[in-house]
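The values are calculated or read from the model by the stated rules, or taken from the named source; none is laboratory data. Because the structure is a prediction, the values reported are computed rather than measured. Positions of Cβ are backbone-derived with ideal geometry, glycine not excepted, and every protein chain shown enters the neighbour counts. Side chains included, ligands, DNA and RNA excluded: accessible areas come from the protein's heavy atoms. Shrake-Rupley method; radii C 1.70, N 1.55, O 1.52, S 1.80 Å.
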Amino acid sequence: MKKKLLFIVAACVAVCAAGVVPVLKKHHDNLPDALNDHIFHERIKTFATARDAPKVGDGELLFILPGWVPKDATNVQEKVQTDGNAKLIRFTLASAPLKLSGKSCVEGAFSDGPTLDADWWPQEVGDGAGRPDCSGEFQFRVAVKGNQVCAWTNGGRSLS
């Protein structure tokens, strides 16, 4: 009898965890970094402007923005994978225009939607949205709607 009860309790815990983890994975922006790092392997940061984001040598390599992000971009939000190279970036254009390199990607630049998710990420930005940019180490997809820019990489390297 006790084994059967233990099995039922374990099954209930597993079912509950299976339902809760995906919801938490999308809506964990306000949890402490240590918890996000160890449980979800993700971290989130927000910067007032792109100038406030870390630079090389600041010790926050995960949050260095690609060179095509204008320095006066505002409301910069980043979510990064701490055990891989996936990244979401969302920001608002100010006066400086967005200048993607125009450097084409080697055949097969990804068109998949982002593997990361966040409650601030627009649902309509996904598979095939935007255009590829391979000017840096990683392939990004960059989608622009008005003055809002959403970019993501799933960690695929640029092969140039």
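The table below lists the values:
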{"item": "Meets criteria (modelled with pLDDT of 90 or more, more than 19 Å from P132 (Cβ to Cβ) and of a type in the set (A, V, I, L, M, F, W, C)) for A96", "result": "yes"}
{"item": "Subset of the range 75-93 (residues that are touching a Lys or Arg at 6+ places or on another chain (Cβ under 9 Å) and among the aliphatic types (A, V, I, L, M))", "result": "V76, V80, A86, L88, I89"}
{"item": "Boolean, D117 is in a loop (DSSP other than H, G, I, E, B), at pLDDT below 85, open to solvent by 30 Å² or more (accessible area, probe 1.4 Å) and charged (D, E, K, R)", "result": "no"}
